[in-house]
Structure formats: structure tokens, C-alpha cells
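Heads up, the thing below is written out as C-alpha cells.
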Amino acid sequence: MASFNTNQKKILVVGAADSCLGIIKTIKRLGYLAVVIATNEDMPAKSIADYYQVVEDGDVDAVVSFCKKIGIDAIVPTPVDRTLLWMAKVAEKLNHIFLAVDAVENFRNKYQMKICLQEAGIKCAKGFLATKDNFSSLLLKNYTFPLIVKPVDAYASRGVVKVNNLTELELYMNEASSFSSNGQIVIEEFIDGREFNAEGVCYNGIVEIYAIVEKIRDPFPRTIEMGHIVPPDITENEEKIILETITKGVLALGMKNGAFNAEIKLYNNQGFVIEINGRLAGDFIISHLLKPTTGQDMEEALVNISLGLQPEKAKRNYIKFGMISFFNLPAGRKIKEIKDFNHLHKNPDIIWAHLFFKKGDIIPEVLHMGHRSGFVIVTANNRTQLFQFADKIKNELIQSISFC
């Protein structure tokens, strides 16, 4: 193992996928050492980690043993739901600042989350817990279609579908159940309206929301996110509703220290919480969109929190318009060739252009966000230019691909 300055603090990251690279790079940029836990030897973070340890998925004791051996000073969350409880248990055993173990279920279990929000007087969709085996149409006596069916604890829109009648509900319950860790599903009323994210951190019970992000979704019945826009097109009053609702919701779910990605809909001048995730947002929102559009670094704030340092106060003073725009290639087509498109990154307003698939891959039907084909992240001086520029760069990227 390489030798390091013994005065450098070591910060633990449980996760080594692409989604974790942003927080790892921030740790290193701030002058700390990145201690990365992976579940296999060949993960993207291996090349930049200062310490890289492979352990079995979910093995708390192995991580704790390794951390005690090398000595770590903090642990930070990543944009991954599945490992949240694993990280919380490690943090508890090592006595580090993190989301408490007993609060994790409030963020991971969508039905338990709903109960917590309702008990705190926070508006959210009315719903109930079921399984495909114990479901009866009698459970719908207080509900009207359309409804939403979703797994109790999945992520990235897996198994989340809008249904318009009983036949559709019974059909999609099987899919939702397959993505649930215990087979349980949530059936809830459909809330109309525009949808937004609120991205922030919590330190000693004080909530800082660094950005409100406007969402673009594919048409129903799926709930697949196809874009994120900063700043959002909202009024001052709508911003106030979002800030107040999400701040209250984060605290109601039991967060005192950590990061959150909250989803909320605005309808009839009211805010309805869709869900609140107790971790960084996915889709590279935090690592690639927020800093060039807000001038603030939420990942740096999170590293500071993990070390017991006060994070920067949120300003929400947007300095540029920014957008993550996803695209989908034709399902069933096989990629024959991909021409080099790295020249796109020479433009400073193109933060990232990326394709998820490679030569020889067959494009899948898009059933959840893990099936999307690629994205571009761009900035511009106004909203109109932003949409035009994103479409132009997406088209250039797509034209670099040929199919068999």
C-alpha cells in the first residue's frame, strides 16, 4: 500500500461506480484521502482511490475492520439508495457523523415514509401497502383511478407505473413486486402537477437547500426522468412552498446530518411530497449540474458535514442556466460503430456528453431509468438557448452512432 502524509484525513466512500466518482474527486480536491469500498476488483473508482478495498456486498464487519486498521476520519453518503443502510451501520459502529440507522427505513421504505409525512401534516399521496398475493379490489373502495403502483423500496423508477384501471393495476403489480426487496408494493393516488427536485444537506438539524431543479419526464405510464433544469421556472411563492415543505419533510423523516434529494409536485398552489431520498441525487445532478449553475459545491458541503464542519449556507443564486438532457435510441437496434465525439467537450458550455452503451450492445426497451441511452449536460445564458443547445448536442452525439 502506498504511503501518505499521516496528517491527511481519510474519508470513506462505500461504492465505486461511476455515480460515486464525483464525491471521490471532491474528497481528493479538498486534500483528503479517499478510502473506497467496492464489491469487485474492476470498478471505475479504482484508478482514483487512495485506498481501495473489495468486500462482499453489505458486509458491515469487513468494512469496519478495514477502517479501524487504516484509521478513517469520516464517511460520506453517495447517490445510491441500496447501500444507505450499509453505510449507516458502518458509521454507527465507527461513531462517525451520518444519517442514523433508525432513520434509514423512513427514507428507504416508501410506505413508512408516507406515514411519517402524514403524521407531520405534510401533504403527500394517499396510499396503502399490499402484495400481489394479498391484493383485493376491495382495497380500492376509497380510491379512484388513475393510480400509481410502485415497489416499496426500489430506485431509479424501477417498477413505478401509472395505471388507469383494475386490469392495468393487476398487470403491473407483478412488475412492481419484482423490484421490491420483500415483494411489498405501494398503491397510491396519482397527484397531478409540475414536478421538481430539492437538493440539499442537513447539519445538526439545520436544512440547507442549494438548488430547486425542474424535472422533465417521459409520457406516462412510466415515470422516467428525461431531464433536469436549473434554475426552475417557478414564482417566488412556489419556491417558498417547496422550501418550507421539503425542510419540514426532511426533519420529519429523522435526518439530522446528511444529504437529501427530495421530489415534490406543485398542484393548485400546494406542495405534495412524492418522496425524499436520504442521499445525494443521482443522474450526476450534484456532481456536474449544480456547481456551474449555482456557484456552490454541495459535495464539498457534504464532506465538511462528515468532518463536523459547518457547511456553506445555501444561496440559490443561479449564475447560469443548466440542463441534463437524456435521450433514448431505438429499442432492439444493435450498435455497429460509435465515432469519437470527445471533440464536443472542447466547448466550455458542454459539461459532459455521454453514451451508456458501447459497440455491439443491443438497445433495450426503456422500462426504467437504467435503460436510458445517454445524456448531455450543457449550460447557456437563458432558457431558450439552453433547450436549443441541448437538442443540438444530443443530435450530434446520436449522429456519431451507426447501427447494424
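Only the coordinates and a few stated rules stand behind these numbers; no lab work does. Just so you know, these numbers come straight off a predicted model, no measurement behind them. Reconstructed Cβ throughout: ideal geometry from the backbone, glycine too, with neighbour counts over all protein chains shown.
Using only Cα atoms, locate the centre of the stretch 141-211 and the centre of the stretch 327-404, then give the distance between them in Å, rounded to an integer.
The stretch 141-211 and the stretch 327-404 have Cα centres separated by 28 Å.
Which residue fluctuates most in the GNM of the chain (Cα springs below 10 Å): Val201, Val55, Val378?
Maximum among the listed residues: Val55.
From the cross-link list Lys240/Lys320; Lys215/Lys265; Lys132/Lys162; Lys114/Lys248; Lys10/Lys68; Lys10/Lys69, which pairs have alpha carbons spaced over 18 Å apart?
On the way: Lys240/Lys320 21 Å; Lys215/Lys265 10 Å; Lys132/Lys162 16 Å; Lys114/Lys248 13 Å; Lys10/Lys68 11 Å; Lys10/Lys69 12 Å.
In this structure, Lys240/Lys320 lie more than 18 Å apart at Cα.
Obtain the nm distance between the two label points defined at Ile48 and Lys313 by a simple spin-label model: each point lies 7 Å from its Cα along the Cα-to-C-beta direction.
Simple spin-label model gives 3.1 nm for this pair.
Looking only at Val36, Val54, Val76, which one moves most when the chain is put into a Gaussian network model with springs between Cα atoms under 10 Å?
Of the options given, Val54 has the highest mean-square fluctuation.
Of the candidates Ala91, Ala331, Ala156, which one comes out as most mobile in a Gaussian network treatment of the chain with C-alpha springs shorter than 10 Å?
Ala331
Where in the chain are the helices, taken as whole DSSP H runs, whose Cα atoms extend 18 angstrom or more along the long axis and whose Kyte-Doolittle mean reaches at least -0.5? Before the final figure, lay out each step's value.
On the way: long enough: 166-178 (19 Å, -0.19); 236-252 (24 Å, 0.00); 383-399 (24 Å, -0.59).
Membrane-span-like by this criterion, though nothing is claimed about a membrane: 166-178, 236-252.
Per 0.36 nm of contour for each residue apart, how much would the distance between Trp352 and Asn382 grow if the chain were fully extended, relative to their Cα-Cα spacing? Please list the in-between numbers first.
Values: separation 30, 0.36 × 30 = 10.80 nm, distance 1.88 nm.
Roughly 8.9 nm would be gained on extension.
How far apart, in nm, are the 7 Å Cα→Cβ label points at Lys339 and Arg82?
3.6 nm
Divide the volume of the convex hull of the Cα atoms of the chain by its number of residues and quote the answer in cubic angstrom per residue.
151 Å³
Would you please put 167-179, 223-235 in order of how densely packed they are, using the mean number of other Cβ atoms within 10 angstrom per residue and starting with the highest? Intermediate values should be presented prior to the final figure.
Numbers: 167-179: 17.6, 223-235: 19.2.
By packing density, highest mean first, the sequence is 223-235, 167-179.
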